[in-house]
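These notes are about the structure you will find just below.
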Amino acid sequence: MTAILMTETLEEIEMIQDNAERPQQVHKLLGEKTDGLEVGVQRWWNKFSLQVRAAEIYAGSRAWPDDVKVTILGDFLTGMAEAWYDDMNAQLQMLTFAQVGAELIKHFRTAMTDLQITTQMCTSRKKASETYQQFANRLLGMADLIKGGRAAEHNARLALQSFCAHAYPTTQ
């Protein structure tokens, strides 16, 4: 991977990486698109950005420049996601870390429309094999795929309504 660095020298980046706890808990993002519900890229990005922030704090609370964070992101991508990153690297280096995350999510999110996701969320029923927590997490994962994610009150409300309506099986 080639990286364009704007604010830090290679030695400074290596020093930052050596002094920081590398986000070990984050698996590499493969970046495969699916036609169905796939909550991976949003969840992966949330976890990755939290781990980057934790590494910044571990390194002494010094916020890393966005271009450094974007460069580090490349180390955690593989497959189609890595190819996308390599192709877009020059443009990505001009964006903030948050903007790069938004582009990554936009590019690798599910092919389903918000209406299709909402319909599936509102009609989803708890599976016999899943716990109530797993069912709630599945619904929240669907809410994350809709514009605004679960942070948007209407999406979270839809997930809650679906949980209340479909968590407990009705007797026939």
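Quick notes on this structure:
- Computed from the C-beta positions of Y168 and L95, the FRET efficiency with R₀ = 41 Å rounds to 0.35.
- Put the Cα centre of region 49-73 next to the Cα centre of region 113-170 and the gap is 32 Å.
- Using the average count of surrounding beta-carbon atoms within 10 Å as a protection proxy, the listed peptides 46-55, 63-72 rank, highest first, as 63-72, 46-55.
- From most to least packed by mean Cβ count within 10 Å, the peptides 111-117, 144-150, 161-167, 124-130 give 144-150, 161-167, 111-117, 124-130.
Read-outs: derived from the displayed coordinates by stated rules, not from any lab. None of these values were measured; they are calculated from a predicted model. In this analysis, Cβ positions are derived from the backbone assuming ideal geometry, glycine residues included, and neighbour counts consider all displayed protein chains.
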